[in-house]
1. Could you grab me the full set of residues in region A:23-41 that are small (Gly, Ala, Ser) and either in a helix (DSSP H, G or I) or assigned by TED's automatic domain parsing to the domain that holds A:Arg171 (or both)?
2. So, in region B:131-158, exactly how many residues are away from chain A (no Cβ under 13 Å) and among the polar types (S, T, N, Q)?
3. I need every pair where a residue in region B:205-230 that is within 10 Å of chain A (Cβ to nearest Cβ) and farther than 18 Å from A:His182 by Cα has its Cβ under 9 Å from the Cβ of a residue that is in a helix (DSSP H, G or I) and among the charged types (D, E, K, R), sequence separation at least 6 or different chains.
4. I need the full set of residues from region B:173-229 which are surrounded by fewer than 23 Cβ atoms within 10 Å (Cβ to Cβ), in a helix (DSSP H, G or I) and basic (Lys, Arg), in order please.
5. How many residues are surrounded by 12 or more Cβ atoms within 10 Å (Cβ to Cβ) and under 16 Å from the mean Cα position of the chain (by Cα) when one looks only at region B:1-55?
6. Can we say A:Arg233 is outside the structural domain of A:Asn66 (by TED's automatic domain parsing) and surrounded by 23 or more Cβ atoms within 10 Å (Cβ to Cβ)?
7. With (1) touching a Leu at 6+ places or on another chain (Cβ under 8 Å); (2) assigned to a loop (DSSP other than H, G, I, E, B) as the list, and B:Ala125 as the residue in question, which single condition is left unmet?
8. Here are some residues: B:Pro17, B:Pro30. Which one is free of Cβ contacts under 8 Å to residues at least 40 places away in the same chain and either within 14 Å of another protein chain (Cβ to nearest Cβ) or within 30 Å of A:Phe80 (Cα to Cα) (or both)?
Amino acid sequence: MGYDLTMRIWRGDQEGGGLGDYTVEVSEGEVVLDALHRVQATQAGDLAIRWNCKAGKCGSCSAEVNGRPRLLCMTRLSDFEESEIITVTPLRTFPVIRDLVTDVSYNYEKAKELPYADLGPRDADGKRRMAQIDVERGQEFRKCIECFLCQNTCHVVRDHEDNKPAFAGPRFFIRYAELDMHPLDTHDRRALAQDAAGLGMCNITKCCTEVCPEGIKITDNAIIPMKERVVDRKFDPLVWLGSKIGLRNRDDEGRSEV
Amino acid sequence: MATTDTGVTGPTRARIPQRTLRQDRWWLAPLATFVVFAAFVVYASVRAFMGRDYYASPYLSPFYSPCLGDCVEGASDFGQPFRAFPFSAALLVLVFPLGFRMTCYYYRKAYYRAFWFSPPACAVAEPHKTYSGETRFPLLLQNAHRWFWYAAVLVGLVLTFDTVLAFRNEDKEWGHMGLGTLLMLVNIVLIWLYTLSCHSCRHAVGGRLRHFSKHPVRYRLWTWVSRLNAHHARYAWYSLFSVALVDLYVYLLATGTIEDVRFF
């Protein structure tokens, strides 16, 4: 059954802006993006929204609903009371372009800084082989749809613009982890992750994991394992001593630091 | 409240003056954490500095185990190598479990949020002007977590020994059990669940590998620890309560406030 929903939508650009009130008729089963589209179609033709698949798979419609980073297309209206005012703002970590659209190019710049996998030589028959359990380990990280909600909610850059040059963010820490766990990759990314990517800036308060629409355990399965790998390399005297007397971890053989 | 010009109220961000637009009770979890942790710290400090009422045969308080200082008769199962230590014997050993919990990945999340507001909750602006995370001293020392984990395993073994000794009566005859034994049993199970679900443990048993396929035993161990690890926070809380409860029970026995409930 339809009802009238009251929405507060942030309108504006870098020069200024604010929350505007809209009342729009919505139906059972709809999501916040549906309501915004109806506002756009009936009341505010110039409302800027970035969206694409409407299925939670493209990662385009990231915004903040009642202050919480969410995908607009995956936020059901039935999660709210019919009388509740739903406030929608753009992501608050990135520069706003207009209305609900932000400039997320920070993330693409960070992606460029990450060295791609450098696989070793092929087997004699020209193929490369990985065991299934090794393949499965990285699959969780490949679910990432690059919605950048984790980047947006991470206080390291959300509350400190000055950290952006030195901090890659959770989305790229899962990429570092995926590659560092890759049995065929010949790069050792531990130093890079700690120094250039700013892994040490993360204080594991787990907000990235809380907002991930794909349910990736970013902190437990990527960031903390990467921190532990950095400890292996930099802060563990036992590992250092072992390497001096020839007890090195053979699992890392064939890797070189990037 | 606007925070800093470099944060969510910065010049390029959408102009929204509020530090958060969240309407749920986001402050409840950090507040509860603050109250409980602060209460534990006060209780543990008082008990640790007290230096008495930590042994009521056959029970030894986990805060004082192993009792290596100038301890009361019957409490030192591992000798008294630090007999000359002038302060409470608890201070000699508590530093290890304390360090283990202070550097624990779960506790870090909890106290960074609840005590340091960094951040107080997700998408709630923090009050600090600058932030360097765990890149500098003293927070760089968080990387020593695995060292405290090694120590925590030893402490766990000692507490397990204490629990075995609790299957005696006041006269040290075997084959008995009281409410204190039961509490110590529950406590040691929770302590081990917390210790073995640690992220550093998960890394050490198999997480550091790149080839699970070449290390089937370590892979199997890793899957077990991973399963426990998912509940690390829960075990952190439960074991915090259980260790305090055992100590309180021993204190009440030692001061004669209550009598031990003997089962057999």
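The values are calculated or read from the model by the stated rules, or taken from the named source; none is laboratory data. In this text the structure is predicted, and so the values were computed from the model without any measurement. Counting neighbours? That spans all protein chains shown, and the Cβs are built from the backbone with ideal geometry, glycine included.
1. Passing the criteria: A:Ala35, A:Ala41.
2. 0
3. Final answer for the pair search is B:Ser226/A:Asp220; B:Ser226/B:Arg202; B:Asn229/A:Asp220; B:Asn229/B:Arg202; B:Ala230/A:Asp220.
4. B:Lys214, B:Arg218, B:Arg220, B:Arg227
5. 11
6. no
7. (1)
8. The conditions single out B:Pro17.
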